[in-house]
Each structure stands twice: as C-alpha cells, then as structure tokens.
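Written below as structure tokens is the structure these notes are about.
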C-alpha cells in the first residue's frame, strides 16, 4: 500500500501573516512615537554669549528682528519685522540682571537707558538685520562682561567690563582700518 504524505511543510509566512505583523508594528510605532517629532530643534536659552547666534538661526529670523527684554531681563519679546508688534519670546531666557552699555564719542562706557514697554523698564533692546549685523553692545552680569559685535563675530566673554571696552575699541579700529570691509 502506498502511503501518500499529506503533510506539507510550511517554510515561511503567508502574505496575510506578514501584513498583520506589519500592521501591528506600525500601530505600536504610531502609539509610541506620536508625541515625538523627529528632527525637532530645541532652541537654547538666551545667554549673553549665544544671543546673536540663537536669534539669527531661529525660525523667527526672516529679516529684521528686534529683541526687547523687561523686568530685569526675566521677560523678553521678539518683533519679527518693523511693522509687526512684539510677541512673547517663548524659549528659555538666561539674561537675568543684565546691564547694557555703549561707548560714547569720548570712548567712555555709558549705561544704556531704555524707555518702558508695557509699563516695565526695558533692560535690553537689540536689533538683528538681514545682512548679519546687529546692535553693537557690551553686556554685564554677575558672571562677567560680554562684547556683542555689530558684524560677523560671535559674542566674546571677558572678566571685567574694562576688558570688554578695550576689545570694543580694538575691534572698531580694526574694522575702520580695513578698506575691504566696506
């Protein structure tokens, strides 16, 4: 008597089984990662050293942008163009207690006195322009002093405000003596 083997061995998954596995993996992925956006950039908190780079590389920077800080620099606002109103700056701020200075015609440090905004004293106001320039300023806090140049360079930290002033004067002389700059 001939015995016919009725057992057919399966060597893989059927198409239906594969589709079910893909569906389950897709659902687990969607449930597990639905709140996470891939490639999302997290903006850094504003500090005197990264102020210029954070603002000019943010999505908000699409031309001239103005940053204005009040309440001893614990609250900041951003204006995306001359015609638009100031809006709350939503990212972190680490500028508390900042004092802003400029240099007058006699090369003396002068504290900048700003007006008021929303009945709060303004402690800092900086404009950033499309060509990469910004308001040139010296900032001082409890950690040190910082020179924010008007063109190209990033902020530089110093131990004293006098060192920052000397750097400003040297920087201004270098820029004015470079004919190719203009």
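Apart from one condition, residue 123 fits all of (1) modelled with pLDDT of 90 or more; (2) assigned to a loop (DSSP other than H, G, I, E, B); the exception is (2). Filter the stretch 132-148 down to residues that are part of a loop (DSSP other than H, G, I, E, B) and in contact with a helix residue (DSSP H, G or I) (Cβ under 9 Å, 6 or more places away or on another chain) and give me whichever is nearest to residue 71 (Cα to Cα). Taking the candidates together, the pick is 136. In the set 151, 129, only one residue is farther than 13 Å from residue 48 by Cα, modelled with pLDDT under 90, touching a helix residue (DSSP H, G or I) at 6+ places or on another chain (Cβ under 9 Å) and surrounded by fewer than 19 Cβ atoms within 10 Å (Cβ to Cβ); that residue is 151.
Condition (residue is under 18 Å from the mean Cα position of the chain (by Cα) and modelled with pLDDT of 90 or more) applied to the stretch 163-181: is it met by at least one residue?
Taking the stretch 163-181 as the starting set, the residues that turn out to be under 18 Å from the mean Cα position of the chain (by Cα) are none.
Within the stretch 163-181, not a single residue is under 18 Å from the mean Cα position of the chain (by Cα) and modelled with pLDDT of 90 or more.
In the set (1) within 17 Å of the chain's Cα centre (by Cα); (2) over 14 Å from residue 47 (Cβ atoms); (3) crowded, with 16+ Cβ neighbours inside 10 Å, the condition left unmet by residue 124 is number (2). Cβ-Cβ distances below 7 Å connect the following pairs, each with a first residue in the stretch 165-176 that is farther than 10 Å from residue 147 by Cα, a second residue that is part of a helix (DSSP H, G or I) and at pLDDT below 90, and a separation of six or more residues or different chains: 175/181. When we screen 31, 51 for residues that are modelled with pLDDT under 90 and either exposed (fewer than 10 other Cβ atoms within 10 Å of the Cβ) or more than 30 Å from residue 165 (Cβ to Cβ) (or both), the only hit is 31.
The values are calculated or read from the model by the stated rules, or taken from the named source; none is laboratory data. Here the structure is a predicted model, which is why all the values come from computation and not from measurement. Glycine gets a Cβ as well: all are built from the backbone with ideal geometry, and neighbour counts include every protein chain shown.
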